[in-house]
Each structure stands twice: as structure tokens, then as C-alpha cells.
Amino acid sequence: MQTETQSMKDLMQTKWNKRPLIISGPCSAETEEQVMETATRLAKTGKIDVLRAGIWKPRTKPGLFEGIGTKGLPWLASAKKVTGLPITVEVATAKHVQDALQFDVDMLWIGARTTVNPFSVQEVADALRGVDIPVLIKNPINADLELWTGAIERLQKVGVKQVGMIHRGFASYGNTEFRNAPMWHLPIEMKRRFPDMPLICDPSHICGNRTLLQSVAQKSIDLDFDGIMLESHIDPDNAWSDAKQQITPEKFAEMLDALVWRHENTDAKEFITALATLREQINHLDDELMTILGQRMKIADKIGEYKKNNNITILQTNRWNEILEKAYTKGEKLGLSKEFITKYYDAIHLESINHQNNIMNS
Ligand code: PEP
Ligand code: MN
């Protein structure tokens with residue numbers, strides 16, 4: 001007979017590695033019936049690996065539903081018994097960890113509001129010392145990769161071996177089309193830092209609505225994420241939390257069917273040769289660009305010397321506007337966006353000013 005922990009290990013070794021890992025369930029466990037019905041309907045799709053439900057909900061404002069609490073854990077345990085699906089909950093304190101372990105929860109996750117607080121992360125980590133359970137760490141609410149990295153390291157330091165990351169987007173001020181801006185370059189940087197660590201996308205909390213879920217999920221797959229965590233509910237409109245972003249288990253199954261799973265690598269010879277040739281061309285062009293940029297800065301140095309000798313300011317606004325306007329026009333013809341041209345020229349301009357500054361003050 002296998003223990004629950006071992007069967008979770010199997011899941012991590014087979015399904016986890018098979019990629020993608022699919023986690024779904026309600027934002028919050030609300031009633032026993034809701035948990036059971038969600039679980040059985042999700043299991044029926046045959047597309048779900050792990051069942052999720054929030055038991056303790058960290059809410060921005062008081063008075064909102066703050067989770068059903070420990071009394072929801074036996075509901076999840078029953079759902080696991082009936083469906084055979086492993087279960088996962090969010091933990092934010094040592095007590096949460098103890099309660100979850102007592103009810104044989106198979107996997108834990110640390111929420112975005114907890115990852116921002118090293119005290120809380122350490123408390124959770126200390127409660128997990130010597131416990132072999134997978135833990136997924138959501139990115140902090142703010143775009144701070146050091147906090148995310150720090151949380152991962154705290155978990156690893158106490159001996160948690162199976163650590164994963166969940167990208168749930170980052171808060172940004174003002175209205176954007178997303179509840180939490182995806183800022184894809186940030187999870188990509190985390191993938192670079194932790195190449196062997198599973199990275200899961202949580203389109204629900206990125207989108208905050210139903211319409212964008214599919215495209216965000218697809219984008220994460222295209223970026224070679226290792227799985228998806230998505231909130232599903234038997235009656236989304238009447239969910240006690242995050243009603244706007246939840247979909248039914250069946251809708252989620254449809255969504256999964258419509259996704260296109262691409263592979264990072266392939267054995268197809270023709271493709272590999274074509275890719276190698278194109279990459280070679282890119283390397284060559286990048287090399288040329290670098291040489292040209294170096295030459296450009298040498299000229300900036302010379303200009304700096306002339307300006308110094310003639311006592312002229314570094315920044316001459318008219319001249320810069322002229323350069324930018326020209327670049328926009330040319331860029332448009334070449335299929336380069338105005339946003340890119342602006343960023344590119346800002347960076348060049350700054351470097352050029354630094355060069356001139358060094359010369360003038362030398
Ligand atoms: C959740 O998964 O329900 C949740 C609270 O998410 P986050 O921590 O990303 O806000
Ligand atoms: Mn939620």
C-alpha cells in the first residue's frame with residue numbers, strides 16, 4: 001500500500017514530468033456540496049491532475065469572505081477519496097501547514113500576499129522542516145523577483161525538495177486590461193534562474209475576468225510553462241470569492257482542448273537545421289549591431305571633446321527630437337514599433353550622454 005505522500009511523489013515524477021500539470025478547483029471552498037460537486041465534475045473531464053481550493057483567504061479588505069477555515073479540510077479529504085485526485089490548499093501560517101498536513105493535503109501553495117512577507121514565508125518554511133511535500137510559490141504581488149527568489153530559497157533551505165513557482169501576474173497602478181499584469185519577462189527571468197524548477201501559470205488571477213483566460217493560458221504554453229492552475233466553480237457567477245474570473249469545470253475542459261501544446265525541442269532534422277541557420281544569422285547580426293554601437297559611442301566621445309573645448313551643454317533637445325522623428329519614420333517602414341524605437345533610442349541616448357559626461361568631466 002502506498003502512502004498518500006508516495007502517491008503524490010509518483011504524480012510529480014510521472015505527470016509532473018509529462019507536463020503540463022493541470023490544477024483546478026474553486027477559488028474558495030464554500031460548502032461541502034460545492035466542493036464535492038466541483039471535484040466530481042472536474043474528475044469526470046479526465047483532464048485534471050490536482051484539485052485546488054482556498055480554505056484560508058487573505059482578502060484585501062475586511063468584511064469579505066475570508067475562507068471557510070479548517071472545517072473545509074475534511075470536505076477536501078472526502079473529495080480526494082471519491083475522485084482519487086490529490087488536493088492542494090494555500091497556506092500562510094504554521095497553523096495552516098499543521099492543519100493541512102493533518103488532513104493529508106498532498107501539495108501546498110504560498111499565496112502572492114504571503115510571498116511578499118519574509119517573516120510569513122519563514123514561518124511556513126519552519127513548519128515544513130523535515131516534511132516531504134511539494135510546495136508551489138506564487139510570485140509576490142509586486143514585481144520584485146528578489147522576494148520571489150528569497151521565498152524559494154527559504155523553502156529549499158529547510159529541506160523542501162519539490163519546490164515550484166506559480167506566475168499569477170503583478171499588481172500595477174491604474175486600469176489595465178488585466179487584474180494583475182503578466183509582465184512575462186519576469187517569470188522568464190525566474191526560469192533562467194531556476195531552469196529545473198516547474199513553472200505554472202495562473203491565468204485566473206492574471207486576468208480577473210473570463211474573456212482573457214484562454215489567450216493567457218496559450219501564451220504561457222507558448223513560453224514553455226509546465227502547467228496551469230485555473231479556478232473553476234459549479235456556479236461561477238455566485239462564487240463567494242473571485243466570481244468574475246471563474247468558469248465551470250466543463251468550460252475549463254473545453255479550454256484545455258482548444259490549447260495548442262508546443263514542444264521546446266524536437267527531433268525533426270529539417271526543423272533543427274533551419275533553426276540553426278536562422279540562429280546563426282541572428283548571432284551574426286547581433287555581433288554587427290554591437291560593433292556599430294561601439295563605433296557610435298566612439299563618435300559620441302569625439303563630440304564630447306568638441307563640446308568640452310567649446311563650452312556647450314551635452315543635451316541639445318532640438319537635435320534629439322530630430323533624431324527621434326527620423327527614427328520613427330524609418331522604423332515604421334521597417335516594421336519596428338514606435339514603442340520599441342523609443343526604448344531603443346532612449347537607451348542609446350543615455351549611454352551616449354554618459355560617454356560625453358565622462359569626457360567633459362575628465
Ligand atoms: C488564490 O489562488 O485563490 C489566491 C488567493 O491567489 P493569489 O495569492 O495569487 O492572489
Ligand atoms: Mn482566487
Extension gain (nm, one decimal) between residue 325 and residue 181, 0.36 nm per residue minus Cα-Cα: 48.8 nm
query: Quick one: if the Förster radius is 51 Å, what FRET efficiency do residue 301 and residue 117 give, using the C-beta to C-beta distance and rounding to 0.05?
result: 0.60
field: Estimated [θ] at 222 nm from DSSP helical runs (n ≥ 4, -39500 (n - 2.57)) normalised by residues in the chain, nearest 500
entry: -16500 deg cm²/dmol
Two-site label geometry, residue 126 and residue 317: point separation in nm, points 7 Å out along Cα→Cβ: 5.7
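Provide the percentage of antiparallel DSSP beta bridges, counting only those with both residues in the chain; round to the nearest 5.
Antiparallel bridges make up about 5 percent of those DSSP assigns within the chain.
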message: With angles folded into 0 to 90 degrees, how steeply does helix 338-360 sit against the dominant principal axis of the chain? Use alpha carbons for both and round to 10.
response: 50
Sites residue 279 and residue 157 - FRET efficiency at Förster radius 30 Å, r taken between beta-carbons, to 0.05: 0.20
message: If amide hydrogens are placed 1.01 Å from N in the peptide plane, which non-local residues have theirs closer than 5 Å to the one on residue 87?
response: 51, 106, 107
query: When you count, for each residue, the other Cβ atoms within 10 Å and take the mean per peptide, how do 129-137, 177-185, 276-284 rank with the highest first?
result: 129-137, 177-185, 276-284
Reduced Cα scattering model of region 189-256, Debye log10 I(q)/I(0), q = 0.21 Å⁻¹: -0.83
task: Any chance you could give the angle, 0 to 90 degrees and rounded to 10, that helix 32-45 forms with the longest Cα principal axis of the chain?
output: 70
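Where the only charges are on Cβ atoms (+1 Lys, Arg; -1 Asp, Glu), what is the dipole of the chain about its Cα centre, to the nearest 20 debye?
It comes to approximately 600 debye.
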statement: Magnitude of the Cβ-charge dipole (Lys and Arg +1, Asp and Glu -1) of region 118-232 about the Cα centre, nearest 20 debye, reported as 40
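Quick check on the exposure proxy: order 91, 260 from fewest to most C-beta atoms within 10 angstrom.
Ascending number of Cβ neighbours within 10 Å: 260, 91.
Each reported figure results from applying straightforward, stated rules to the coordinates on display, with no laboratory input. The structure displayed is predicted, hence computed values, not measured ones. A quick note on method: Cβ atoms are made from the backbone with ideal geometry, for glycine too, and the neighbour counts reach across all protein chains shown.
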